[in-house]
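I have placed the structure first, in the form of structure tokens, so that the comments after it can refer back to it.
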Amino acid sequence: MEKKVYGPTVDEETRCVHYHTVLDIVAIKFKCCGRFYPCYKCHEECEQHPIQRWGKNEFSEEAILCGHCKRTLTISQYMNATDCPYCNAHFNKRCKNHYHIYFDVPQDKPCAFGCDSSQCSEE
């Protein structure tokens, strides 16, 4: 069964109004509501609750949707890949800059974009 992706998507591969390069093809299931969104900004615009991060002990959860082949990946699979293990579609490497928003991973000082990561150099 195909997963529903919420938020202001712009195409069938889960790109959204915020992130829509050829590589922006993943949606993330948010722990707080169980809904797939293309990004944290989409979640913030559509939901009335704060984002809850997935804990390290939950990284085996199938919480990542490849927008190209529509298969789900575990958080661990996604964090250790540069492309989909099922269809080989490439993922946006800069998404790592926002892992701390979705997953319980270390973060540095706040960045200029307000997303609390010094790794962010551009959106």
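Computed from the coordinates by the stated procedures, all read-outs in this text should not be read as laboratory data. Just so it is clear, the structure is predicted and the values come from calculations on it, not from any experiment.
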Practice item. Could you work out which residue, out of Cys16, Cys87, Cys42, moves most in a Gaussian network model of the chain, that is, has the largest mean-square fluctuation with Cα springs under 10 Å? Key: Cys87
Check your understanding: So what J values fall out for the range 69-79 if you push phi through Karplus, 6.51 cos²θ - 1.76 cosθ + 1.60 with θ = phi - 60°, rounded to Hz, Gly and Pro as x?
Key -> 9, 6, 8, 9, 10, 6, 4, 4, 4, 5, 5
Exercise for review: Express in nm, to one decimal, how much length is gained between Gln52 and Val22 on full extension, taking 0.36 nm for each residue of separation and deducting their alpha carbon distance.
Suggested key: 8.0 nm
Review point. Which of these values of Cα Rg over 2.2 N^0.38 Å was calculated from the structure shown: (i) 1.34; (ii) 0.97; (iii) 1.87?
Key: (ii)
Check your understanding: In whole Hz, what ³J(HN,Hα) sequence does the range 6-18 give by Karplus (6.51, -1.76, 1.60; θ = phi - 60°), x for Gly and Pro?
Key -> 9, x, x, 6, 10, 7, 6, 9, 6, 5, 10, 5, 8
